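Data block below; observations after.
Readers should treat all values here as calculations from the given coordinates under stated rules, not as data from a laboratory. Every value quoted in this text rests on a predicted model; they were computed, and no experiment measured them. No Cβ is skipped: glycine too gets one built from the backbone with ideal geometry, and neighbour counts run over all protein chains shown.
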Amino acid sequence: MKLFAIPYSILCYLIGVASLVAMILFVGGLFLPWTINTGSPVSLGLTGGMALIGNVALVTIWSLQHSIMADPAFKRVWTRIVPPAVERSTYMLVVGGLTFALLALWSPMPDVIWDVSGTWVATALIAGYLAGWTITFISTFLINHFHLFGLQQAWEQHKQVATKDQSFVTPFFYKFVRHPMMTGVLIALWCAPTLTVGRLVFNIAMTIYVIVGIMHEESTLIEELGEEYEEYRKTTPMVVPGPKLGDGK
């Protein structure tokens with residue numbers, strides 16, 4: 001496995017990143033022939049209440065994978081089967097597969113709630129959509145993009161270098177909010193020039209995932225970092241920039 005760790009991690013990285021880019025374009029209705037409002041050729045094609053149930057189920061499965069495979073308790077068991085050097089890469093591979101499945105199977109719910117296409121508001125919302133994802137992308141590099149996506153672990157094994165403990169730092173965006181990646185995601189989700197029922201379902205489901213995911217991550221960070229992170233919570237808002245808000249919530 002050691003010989004294949006680097007090419008495997010690169011492949012997983014490319015699949016994972018490609019799936020996330022596809023999601024951004026699919027949800028935003030940008031460049032791809034299929035969108036969240038039209039569905040793909042292999043869409044489940046459900047309608048009405050069944051479409052709601054099916055779409056929520058797809059997002060739930062996607063969300064559970066993210067939460068379960070990122071959980072420290074799961075990792076302790078999982079790394080007895082999958083080498084630690086490619087654990088994160090394997091996570092990205094599964095993310096990629098489930099993301100592509102979500103996009104392919106999504107049942108469009110095209111009834112329009114609002115549509116400001118062709119106005120300056122639409123231009124502003126598209127800019128906000130792209131800005132949100134840009135914030136998320138930049139935030140991954142602020143903390144260590146290559147470790148987050150699994151490349152660093154494989155490289156360190158190849159070079160037989162011990163992984164350095166990740167020190168707690170708060171660069172740039174992290175000085176304003178504790179979870180800037182999620183801030184970017186939330187901005188992108190709700191900047192919709194055309195909001196259909198399907199996009200609204202997607203937005204609500206993903207927003208719930210973001211909130212639950214942050215709560216889970218916060219408990220893990222408190223356990224790992226203790227008082228240092230508790231102090232950070234007291235002085236830095238969770239996802240919305242602003243002045244000190246009590247205990248940081």
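Express in % the proportion of alpha carbon pairs of the chain at distances exceeding 21 Å. Write out the running numbers ahead of the final one.
Working: 19356 of 30876 pairs.
That tail contains 63 percent of the Cα-Cα pairs.
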Built amide H within the under 5 Å cut-off of residue 196, gap 5+
113
Kirkwood hydrodynamic radius, the stretch 106-161, all distinct C-alpha pairs: what's the number in Å?
14.9
So, in Å, what gap is there between the alpha-carbon centers of the stretch 174-242 and the stretch 13-64?
21
Can you find, among 134, 83, 169, the residue sitting farthest towards the positive end of the charge dipole of the stretch 82-189, where Lys and Arg contribute +1 and Asp and Glu -1 at Cβ?
169
Prolate/oblate/rounded call for the stretch 136-249, Cα gyration tensor, a/c under 1.5 rounded
oblate
Helix check for the chain. Which DSSP H runs span at least 20 Å along their own axis by Cα, with a mean Kyte-Doolittle hydropathy no less than -1.0?
5-28, 48-70, 84-105, 120-143, 197-225
Among 241, 122, 36, whose Cα sits farthest toward the positive end of the charge dipole of the chain (+1 at Cβ of Lys/Arg, -1 at Cβ of Asp/Glu, about the Cα centre)?
36
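Where Rh denotes the Kirkwood radius from the mean inverse Cα pair distance, what is Rg over Rh for the stretch 28-154?
Radius of gyration over Kirkwood radius for the stretch 28-154 works out to 1.05.
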Binned at 5 Å from 0, what are the whole-percent values of the Cα-Cα distance distribution for the stretch 88-128, short to long?
5, 17, 12, 11, 15, 16, 13, 8, 2
Which whole-number percentage describes the relative contact order of the stretch 12-82, with Cα contacts under 8 Å and a sequence gap of 6 or more?
10
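Average projected area of the Cα convex hull of the stretch 1-69, in nm²?
Details: hull surface 25.5 nm².
With every direction weighted equally, the projected area is 6.4 nm².
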Mean Cβ-within-10 Å packing, highest first, puts peptides 8-19, 181-192 in the order 181-192, 8-19
